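A short worksheet on the structure shown next.
The values are calculated or read from the model by the stated rules, or taken from the named source; none is laboratory data. What you see is a predicted model; the values in this text were computed from it and never measured. We place every Cβ from the backbone using ideal geometry, glycine too, and count neighbours over all the protein chains shown.
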């Protein structure tokens, strides 16, 4: 299955079709084996946590979840007919919000080993004959609140009935960071030996069209910048400023404050024109022109997106790099 290198998640399938392991429920490295009827995503923005996605099956199923709890992995351990019906219903629910890449599976037609429901030491596999071509699918799903789902699966027909065999189900948030507090620390503080500025951040989810890629971004290029995770950065500072705390300047806070600081997101959109991207934000996020700037809205905040046609070189996991025509973008916070 061809995978886009620069999409934030590069899936590694753990779909077991041959029963080569003796332990169906043994969790791959970095994952946890669970039994649940729910796929969900809780988002922490640096200030509070909120559930932003939840999909409930008709009963509990067996699968693996990554330690960051945003990537679900499926293997051939559930009754293939039951789990297929569940995901067919899911895909129908999001049909209008899905873009799919579909690839012909190299195996063509033939027998596929799938489970009728595994036990701790037996996959309980049966041979299922595909009476159609077998396809691998990457479904890119846009969720209204700005989240995106990337669902990878295989599909074929057996006795005239569509079968969906799930691989990975990833729930993803792309975000801009906003500085909200700065602490000016004395010499020999708990982080570094020199005087330093500890900046605390919160995040905001940014919506995107279905198929996007990203370039790495940072909060800055200063050599003295020390990464302390998504919500804190510390910068050594040898100035004579005394120990104190600053908030963001506003109408209510005008002294001992700092100008708002935001990160930016840069990347590219596949297989859409600039006008189609504009239409996406107009229809889904109140997009409009403010003078020469095209802006959109998310959670009562406004953002500017700059778009340009470009040709870039992209690496794929199973082929040589290829040249692609894309639309590049840069998104920043916007102040009217």
Within segment 146-187, track down each residue that is more than 13 Å from the chain's Cα centre (by Cα) and within 30 Å of residue 199 (Cβ to Cβ). 176, 177, 178, 179, 180, 181, 182, 183, 184, 185, 186, 187
Strands (runs of 3 or more DSSP E) completely within segment 230-286 that count 2 or more residues being crowded, with 16+ Cβ neighbours inside 10 Å: 232-236, 265-270
Among the residues in segment 246-263, are any within 26 Å of residue 138 (Cα to Cα) and either at pLDDT below 95 or touching a strand residue (DSSP E or B) at 6+ places or on another chain (Cβ under 8 Å) (or both)? no
Wholly inside segment 39-158, strands (runs of 3 or more DSSP E) that include 1 or more residues that are assigned by TED's automatic domain parsing to the domain that holds residue 202 and either modelled with pLDDT of 95 or more or exposed (fewer than 15 other Cβ atoms within 10 Å of the Cβ) (or both) are none
Among the residues of segment 235-263, write down those that are without any contact (Cβ under 8 Å) to a residue 24 or more places away in the chain and over 31 Å from the mean Cα position of the chain (by Cα). 240, 249, 250, 251, 252, 253, 254, 255, 256, 257
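For residue 293, indicate whether it is under 24 Å from residue 262 (Cβ atoms) and out of contact with any strand residue (DSSP E or B) (no Cβ under 9 Å at 6 or more places or on another chain).
So residue 293 does not fit the description; no.
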